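A short write-up of the structure that comes next.
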Amino acid sequence: MSFERKKVLLAPLDPVHDIGLKMIKRGLERAGHDALLLPPDYSQEEIIKAIIDNNVDVVLISRTLGYGVAEILGRFVDLAEAAGIRDKVKIGIGGMAIRPELAAELGFDAGFGPGTTVEEAVAFVEGREYVPDEIRGKKAKKDITRGYDYSFKNKSIEQLLDKIVDGIIDYVSDKTTSAIQRAELRRQILKTSNESERQSLRLEYAKLCDKIVKDFYEAGKYREKTRPLLPEELKALETYVNETNSRMNPLKLQHADKNPLVFIQYGTGCPFMDIAHIKSCEAWGADGAVHFDPSWGARTEGFFEGYITHEEDGSVITYENLKRIKDSLSPFTLWQVRAHRGLNTPETVLLAGIIGADLTKINIAYGSLGGGTDPERLTVDAVCAIKYAAEFNMPFDVVTNEELCGVPAYKAFAGMLIVSKLGLRLGGKPILQPLFCYSPEVMVSGQMQDNYVDFNAAKILCLRNIVNAPIWCGAPIGFLTQTEDRVQSSLMTALHASLASSLGVDGISIASADEAFSGGPISVAARIDTLKATQSAFRFFGKSGIVPTDSAEKWAYEIERGIENVLESIVQNGNFIDALYKGLLGSREEGAYPGRAGRGTVIKK
Amino acid sequence: MSKAMERIMDAVDLETFIVCKDEEEGKKLSIQLMDELGFKDVNIVFCQHQGPGARVRLRGYVYKPGDRYGWLKN
């Protein structure tokens with residue numbers, strides 16, 4: 001199509017505001033058109049006269065003030081008709097007070113509301129369809145671990161970690177658990193195409209499960225507050241996902257290159273509602289989603305099968321549920337399935353790997369000190385799980401959630417570094433996940449009395465001083481700083497996101513604006529609130545940053561020394577698992593209790 | 001349920017300012033308001049009283065996880 005130069009009149013129908021028109025004028029001139037901008041505060045009659053005098057092809061009127069907008073614009077259309085120019089000149093209106101439906105109602109050719117781009121206005125002038133600068137197709141999954149070589153700057157810490165890891169590998173070498181056996185059975189169940197073999201494997205699997213799961217396989221009984229999803233519901237979901245995908249044009253949260261990837265966490269209980277929430281978050285710019293399973297699932301030996309919904313928090317892990325969620329994701333969405341606690345850690349990682357998850361989550365120290373699983377059991381299971389993660393090339397984060405129990409950061413970090421080093425030894429790609437939170441430690445000791453910046457910054461500085469590894473702050477950032485107030489909650493999330501970005505971390509998990517509300521399920525609107533807040537914060541700070549005070553460096557040094565001391569005490573103790581029971585990585589006084597689920601279930605091979 | 005209401009993904013939040021003497025009255029009026037609007041499953045997500053009244057965020061769940069969602073029929 002040949003280029004047709006247009007003569008455009010831009011007129012602010014407003015006492016003062018014309019910044020939008022100035023930007024459009026520049027865009028039109030850049031595109032090769034003639035643009036004439038009238039000053040603000042012209043009367044409607046003067047604007048009509050200018051249209052006639054200049055013989056323009058297109059008029060763009062802006063209106064920012066909302067009062068009486070319909071009457072004023074309605075009168076403008078009447079004047080244009082009376083002057084005989086309505087049919088000859090294309091007229092568009094835009095500005096803060098304009099909505100497309102209002103423009104259509106008043107008889108304008110187009111209406112541009114808040115958020116309209118210059119390109120959109122140029123497309124209108126040129127009479128072509130506006131094709132937004134879609135990020136669909138351009139948005140690609142990012143490997144958080146890329147560019148990190150896991151070299152240790154603190155060699156003393158590395159040596160201590162190596163000794164502890166040697167001990168763990170040696171300890172588990174002649175041990176197994178029912179969870180490990182179940183995982184291998186699950187692999188066979190999924191592999192075989194012979195139905196009778198599958199059924200016999202299922203019965204073998206059931207023997208290794210708790211009664212509630214055994215009853216499902218043997219008698220078809222469902223756990224209370226769960227139900228199977230019906231075929232018609234599944235069909236409706238498929239339609240919903242296809243339709244949503246066809247109009248998916250996701251927003252981008254990041255403004256500067258250094259802004260971290262943003263993950264949301266889901267686990268409404270229902271895989272359908274999960275999918276609906278994930279699709280909404282994808283559209284509003286989330287880069288990844290983290291699967292939360294129910295707390296009872298972590299304390300139950302064995303997994304169910306089939307499409308199952310759950311009326312309480314946490315979405316039941318089954319192959320079918322996970323597969324359905326995975327299949328509904330947009331290709332650019334990073335997907336993590338958590339396996340950091342509980343009695344099904346190996347099978348969770350195996351399922352995640354088979355289905356094609358991008359990431360998983362494993363931490364022996366948290367899972368056994370704050371997650372309720374016996375330390376010995378989880379250690380044996382976690383080694384197997386890490387091997388699966390390596391087999392499927394799935395990086396895993398090591399989250400220090402025990403900080404929320406009251407364990408000081410330096411102890412939680414010691415546990416995180418042990419599991420990370422174990423992961424490296426087993427061929428995995430660990431991601432450090434320190435918490436950005438108002439933890440019991442700082443509430444008591446006062447490191448956040450003045451601000452939330454310094455101690456969080458100290459954590460990152462400390463980890464950077466130790467090892468060149470990816471960092472993904474969790475989970476969610478700002479934990480215990482948010483209140484039920486939607487604005488306060490979103491702001492706290494956005495500020496923590498900005499701090500994380502300023503510190504150059506690779507990823508963050510964010511809460512919804514419902515983070516502090518415990519009276520019911522998280523609403524999708526509350527998720528969008530924090531995504532929008534984070535996007536605005538990234539826009540606000542850009543490449544600039546937040547400057548911590550000198551306390552950050554001081555505390556970073558103290559945390560590093562603390563980690564070293566803890567690791568030394570574990571080496572002296574001689575056994576990592578024993579150290580967990582003894583409280584060297586978090587004591588009962590600090591709020592860490594060695595878990596009891598699965599105690600005494602480790603089997604000597 | 002109205003056709004429009006069926007298209008709510010999960011919940012309706014109503015945010016407003018209620019003129020009242022204290023938080024207790026604010027909460028009582030909040031529940032009354034949601035009841036009058038026809039919501040059955042109601043929560044007060046946020047309520048803070050200062051001086052003239054209470055800033056509130058009220059929630060009426062239309063669908064909870066595990067329900068049969070109206071928006072999935074279409």
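The values are calculated or read from the model by the stated rules, or taken from the named source; none is laboratory data. Bear in mind that the values here come from a model prediction, so they are computed numbers and not experimental data. Every residue, glycine as well, gets a Cβ built from its backbone with ideal geometry; the counts of neighbours run over all protein chains shown. Keep in mind that these areas ignore ligands, DNA and RNA; they rest on the heavy atoms of the full protein, side chains included. Shrake-Rupley method; radii C 1.70, N 1.55, O 1.52, S 1.80 Å.
The table below lists the values:
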| read-out | value |
| --- | --- |
| Residue list for segment A:519-550, filter: within 24 Å of A:Asp450 (Cβ to Cβ), of a type in the set (Gly, Ala, Ser) and either surrounded by fewer than 17 Cβ atoms within 10 Å (Cβ to Cβ) or within 10 Å of chain B (Cβ to nearest Cβ) (or both) | A:Ser544, A:Gly545 |
| All positions within segment B:17-27 that are surrounded by 13 or more Cβ atoms within 10 Å (Cβ to Cβ) and either within 14 Å of chain A (Cβ to nearest Cβ) or among the charged types (D, E, K, R) (or both) | B:Glu23, B:Glu25, B:Gly26, B:Lys27 |
| Filter result (surrounded by 12 or more Cβ atoms within 10 Å (Cβ to Cβ), touching a residue at least 12 places away in the same chain (Cβ under 8 Å) and more than 10 Å from every other protein chain (Cβ to nearest Cβ)) within segment B:30-44 | B:Ser30, B:Ile31, B:Leu33, B:Met34, B:Leu37, B:Phe39 |
| Test set (1) open to solvent by 10 Å² or more (accessible area, probe 1.4 Å); (2) in contact with a Pro (Cβ under 7 Å, 6 or more places away or on another chain); (3) of a type outside the set (A, V, I, L, M, F, W, C) - A:Thr400 fails condition number | (1) |
| A:Thr601 assigned to a loop (DSSP other than H, G, I, E, B) and either of a type in the set (A, V, I, L, M, F, W, C) or surrounded by fewer than 16 Cβ atoms within 10 Å (Cβ to Cβ) (or both) | no |
| Residue tally, condition open to solvent by 10 Å² or more (accessible area, probe 1.4 Å) and either among the charged types (D, E, K, R) or modelled with pLDDT of 95 or more (or both), over segment A:266-286 | 3 |
| Residue among A:Tyr266, A:Tyr240 that alone is touching a Phe, Trp or Tyr at 6+ places or on another chain (Cβ under 9 Å), under 30 Å from A:Tyr130 (Cα atoms) and either within 14 Å of chain B (Cβ to nearest Cβ) or touching a residue at least 60 places away in the same chain (Cβ under 8 Å) (or both) | A:Tyr240 |
| Residue satisfying condition, being within 14 Å of another protein chain (Cβ to nearest Cβ) and surrounded by fewer than 24 Cβ atoms within 10 Å (Cβ to Cβ), within set A:Val487, A:Val571 | A:Val487 |
| Pair list, Cβ < 8 Å and 6+ apart or interchain, from segment B:45-66 residues that are at positive phi and facing chain A (nearest Cβ under 7 Å) to residues that are open to solvent by 10 Å² or more (accessible area, probe 1.4 Å) and outside any strand (DSSP E or B) | B:Gly66/A:Lys225; B:Gly66/A:Glu311 |
| Test: residue in segment A:293-306 that is away from chain B (no Cβ under 12 Å), crowded, with 24+ Cβ neighbours inside 10 Å, on the phi > 0 side of the Ramachandran plot and not aliphatic (A, V, I, L, M) | yes |
| Restricting segment A:227-237 to residues that are closer than 16 Å to A:Ile275 by Cα, in contact (Cβ under 8 Å) with a residue 12 or more places away in the chain and more than 9 Å from every other protein chain (Cβ to nearest Cβ), the residue that is surrounded by the most Cβ atoms within 10 Å (Cβ to Cβ) | A:Leu229 |
| Selection from segment A:322-344 of residues that are over 18 Å from the mean Cα position of the chain (by Cα) and assigned to a loop (DSSP other than H, G, I, E, B) | A:Arg341, A:Gly342, A:Leu343, A:Asn344 |
| Residue in segment A:144-161 that is farther than 30 Å from A:Val398 by Cα, of a type in the set (S, T, N, Q) and surrounded by fewer than 16 Cβ atoms within 10 Å (Cβ to Cβ) present | no |
| Selection from segment A:1-43 of residues that are surrounded by fewer than 19 Cβ atoms within 10 Å (Cβ to Cβ) and assigned to a strand (DSSP E or B) | A:Lys7, A:Asp34, A:Leu36, A:Leu37 |
| Test: A:Ser502 is within 14 Å of another protein chain (Cβ to nearest Cβ), at pLDDT 95 or above, under 24 Å from A:Lys459 (Cα atoms) and out of contact with any helix residue (DSSP H, G or I) (no Cβ under 6 Å at 6 or more places or on another chain) | no |
| Test: residue in segment A:201-211 that is in contact (Cβ under 8 Å) with a residue 12 or more places away in the chain and within 14 Å of chain B (Cβ to nearest Cβ) | no |
| Which numbered condition A:Ala458 fails, given (1) within 22 Å of the chain's Cα centre (by Cα); (2) over 25 Å from A:Thr177 (Cα atoms); (3) not acidic (Asp, Glu) | (1) |
| Answer residue from segment A:410-440, given it is of a type in the set (A, V, I, L, M, F, W, C) and touching an Asp or Glu at 6+ places or on another chain (Cβ under 6 Å) and is surrounded by the most Cβ atoms within 10 Å (Cβ to Cβ) among those | A:Ala412 |
| Residue check for A:Phe332: within 14 Å of chain B (Cβ to nearest Cβ), aromatic (Phe, Trp, Tyr) and either buried (at least 24 other Cβ atoms within 10 Å of the Cβ) or in contact (Cβ under 8 Å) with a residue 40 or more places away in the chain (or both) | no |
| Close pairs (9 angstrom Cβ cut-off, 6 or more residues apart or separate chains): on the phi > 0 side of the Ramachandran plot in segment A:80-103, assigned to a loop (DSSP other than H, G, I, E, B) and small (Gly, Ala, Ser) anywhere | A:Gly95/A:Gly113 |
| Among (1) closer than 19 Å to A:Ala412 by Cα; (2) in contact (Cβ under 8 Å) with a residue 12 or more places away in the chain; (3) open to solvent by less than 20 Å² (accessible area, probe 1.4 Å) - the single one A:Gly583 does not satisfy | (2) |
| Criterion: at pLDDT 95 or above, among the charged types (D, E, K, R) and crowded, with 16+ Cβ neighbours inside 10 Å - qualifying residue of B:Asp67, B:Asp13 | B:Asp13 |
| Residue, nearest to the chain's Cα centre (by Cα), within segment A:461-484, restricted to residues that are open to solvent by 40 Å² or more (accessible area, probe 1.4 Å) and farther than 17 Å from A:Ile431 by Cα | A:Phe479 |
| Matching residues in segment A:475-487 - criterion: being farther than 15 Å from A:Asn401 by Cα and in contact with a strand residue (DSSP E or B) (Cβ under 9 Å, 6 or more places away or on another chain) | A:Thr481, A:Gln482, A:Thr483, A:Glu484, A:Asp485, A:Arg486 |
| Complete set of residues in segment A:505-518 that are within 14 Å of chain B (Cβ to nearest Cβ) and either out of contact with any Ser or Thr (no Cβ under 8 Å at 6 or more places or on another chain) or charged (D, E, K, R) (or both) | A:Asp514, A:Glu515, A:Phe517, A:Ser518 |
